[in-house]
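Bear in mind these aren't lab numbers, they're just calculated from the coordinates by the rules spelled out. Computed from a predicted model, the values in this text were never measured in an experiment. For neighbour counting, all protein chains shown are included, and Cβ atoms are generated from backbone atoms with ideal geometry for every residue, glycine included.
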Amino acid sequence: MSKAARKNTAASAPADKMQWWTEARFGMFIHWGLYALAARHEWVKQRERIPDEVYQKYFDHFDPDLYDPAAWARMAKAAGMKYVVLTTKHHEGFCLWDSRYTDYKAPNTPCGRDLLRPFVDAFRAEGLRVGFYYSLIDWHHPEFPVDRVHPMWTNDEFKRAHAGRDVRKYADYLYHQVEELMTDFGTVDVLFLDFSYPDPQGTGKGHEDWRSERLLKMIRRRQPGIIVNDRLDWPGFDFVTPEQVMVRRWPERDGRRVPWETCQTFSGSWGYHRDEATWKDERQLLALLIDTVGKGGNLLLNVGPTARGTFDARAAARLEAMGRWMHVNGRSIYGCTQPPDWVKPPEHCRATWNPATGRLYLHLFDWPLGTLYCDGLGGRIEYAQILSDASEVGVRTGPGGHWLSREQGITDETAILSLPVLKPADTVPVIEIFLKR
Ligand code: GLC
């Protein structure tokens, strides 16, 4: 079947299946594995061309003695996140759970136990939905062909010695592991498979290697309500995953808007990175969240726990700050989406809209002096308030009075909001507008 002939079905996923996810808008990604010990990016094995024998030291010393998934779950919840996606296995091949199909797993390290089950229990106990990330790529499996992203790609001797690797055997391993994940942990809400890189020279991997169609059928059979991402190189996914980018507009496939989620790091690495310094600040993170929701998407924000099993203090501080904002302003995020086209957000504002309540939210990235001119909203506003303290914001429509003139571009379409001089304490203040129904 040609690629063009295969129809993507993202837009036709049953609406009720996507509902909780669309309302949630904000989730936590967690990248945790042996790379946390190296503490210099989860691709360290590949970037530094580290052979298995050398990488083994991380397996031999993996002992997260402070691991407390209940504390993680509390932090995610306090930040306002509604779901979580954890790396059950990343590209390095190491498994956090007690898989029947490999010895390369947490129970065989000094940690000596399955880490996934307590994780699942803890997050469910806090009321969060639970998703699994599973790496299609595997740099440890003996049948995973040495391709251009493999750590040993530049080692000709290794490549010759391992030329007989059989990707069909690897595809079976992958199938069985995912089946285990889909069977042994109750309802799994999201599956994030990562990732495909097909190319004509045969140095990449795609749906034929993974046997994506067979895999996806099994996943749907085992977990009928699950939401699956788009990285299998195969149609039939539920959402698309722009990574580390602020999209310009709501992504489309075949001319239709599709469910989307952007995954993002606090700093430049997914795995714990001790020396990485490009941490986004609270305001940037809130802008990312608000911008995403205002374009109809979800934000999956990543934490890379340390090898002791704790959240980096820098991550914890940012989660706390976002949680403070979400506690009072979450109404502009949950259940919200892109506003109708007639809403023209004023300068320095980003808008979100709750179609169920008919409320519009203006996020003010700059606090103007006294007046906020809102074109398109004239005559449409029933009531307006500052969201964080429910204090009234005065509204009037159209020209009239001192400098509120046609010459100033004020028409009957213009609503004029009267702001207090003092900016509210919120990092990004929000005006909640009750639109006339
Ligand atoms: C990329 C990277 C990976 C990370 C993922 C998150 O595919 O390979 O390290 O887990 O993005 O989306």
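For first residues located in region 243-255 and aliphatic (A, V, I, L, M), partners that are more than 16 Å from the ligand (Cβ to nearest atom) and lie 6+ apart or on another chain with Cβ distances below 7 Å form the pairs Met246/Asp291; Val247/Lys295.
Just one of the listed residues (Thr352, Thr357) is over 21 Å from Leu288 (Cα atoms) and of a type outside the set (Phe, Trp, Tyr), and it is Thr357. Taking the conditions (1) away from the ligand (no atom under 16 Å from the Cβ); (2) crowded, with 19+ Cβ neighbours inside 10 Å in turn, Val228 satisfies each one other than (1). The residue that is surrounded by the most Cβ atoms within 10 Å (Cβ to Cβ), counting only those in region 355-379 that are without any contact (Cβ under 8 Å) to a residue 60 or more places away in the chain and in contact with a Cys (Cβ under 9 Å, 6 or more places away or on another chain), is Cys374. Here Asp209 meets each of (1) of a type outside the set (Phe, Trp, Tyr); (2) in contact with a strand residue (DSSP E or B) (Cβ under 9 Å, 6 or more places away or on another chain); (3) away from the ligand (no atom under 14 Å from the Cβ) with one exception, condition (2). Of all the criteria given as (1) closer than 18 Å to Phe29 by Cβ; (2) out of contact with any strand residue (DSSP E or B) (no Cβ under 9 Å at 6 or more places or on another chain), the one not satisfied by Trp72 is (2). Taking region 187-213 as the range and being in contact with a Phe, Trp or Tyr (Cβ under 7 Å, 6 or more places away or on another chain), assigned to a helix (DSSP H, G or I) and among the charged types (D, E, K, R) as the test, only Glu213 passes.
Determine, yes or no, whether Ala287 is over 30 Å from Asp172 (Cα atoms), small (Gly, Ala, Ser) and either surrounded by fewer than 16 Cβ atoms within 10 Å (Cβ to Cβ) or touching a Cys at 6+ places or on another chain (Cβ under 8 Å) (or both). The answer is no for Ala287. Examine region 328-339 for a residue that is among the hydroxyl-bearing types (Ser, Thr, Tyr), more than 13 Å from the ligand (Cβ to nearest atom), outside any helix (DSSP H, G or I) and under 19 Å from Trp32 (Cα atoms), and state whether such a residue exists. Looking through region 328-339, none of the residues is among the hydroxyl-bearing types (Ser, Thr, Tyr), more than 13 Å from the ligand (Cβ to nearest atom), outside any helix (DSSP H, G or I) and under 19 Å from Trp32 (Cα atoms). Scanning region 260-277 for residues that are within 16 Å of the ligand (Cβ to nearest atom) and either of a type in the set (D, E, K, R) or in a loop (DSSP other than H, G, I, E, B) (or both) yields Glu261, Phe266, Ser267, Gly268, Ser269, Trp270, Gly271, Tyr272, Glu276. For region 364-378, the set of residues classified as part of a strand (DSSP E or B) and touching a His at 6+ places or on another chain (Cβ under 9 Å) consists of Leu364 only.
Scanning region 160-180 for residues that are surrounded by 16 or more Cβ atoms within 10 Å (Cβ to Cβ) and over 23 Å from Glu213 (Cβ atoms) yields a total of 1.
For Ala287, indicate whether it is in a helix (DSSP H, G or I) and in contact (Cβ under 8 Å) with a residue 60 or more places away in the chain. Against the criterion (in a helix (DSSP H, G or I) and in contact (Cβ under 8 Å) with a residue 60 or more places away in the chain), Ala287 qualifies. In region 184-208, what residues are out of contact with any Gly (no Cβ under 9 Å at 6 or more places or on another chain), surrounded by 15 or more Cβ atoms within 10 Å (Cβ to Cβ) and of a type in the set (Asp, Glu)? Result: Asp184, Asp194.
Here Gly164 qualifies as of a type in the set (Gly, Ala, Ser) and more than 22 Å from Asn302 (Cβ to Cβ). Out of the residues in region 177-206 that are under 25 Å from Tyr104 (Cβ atoms) and charged (D, E, K, R), state the one that is nearest to the ligand (Cβ to nearest atom). Of everything passing the filter in region 177-206, Asp194 is nearest to the ligand (Cβ to nearest atom).
Taken as a whole, the condition of being of a type in the set (Lys, Arg), under 26 Å from His150 (Cβ atoms) and over 15 Å from the mean Cα position of the chain (by Cα) does not apply to Arg222.
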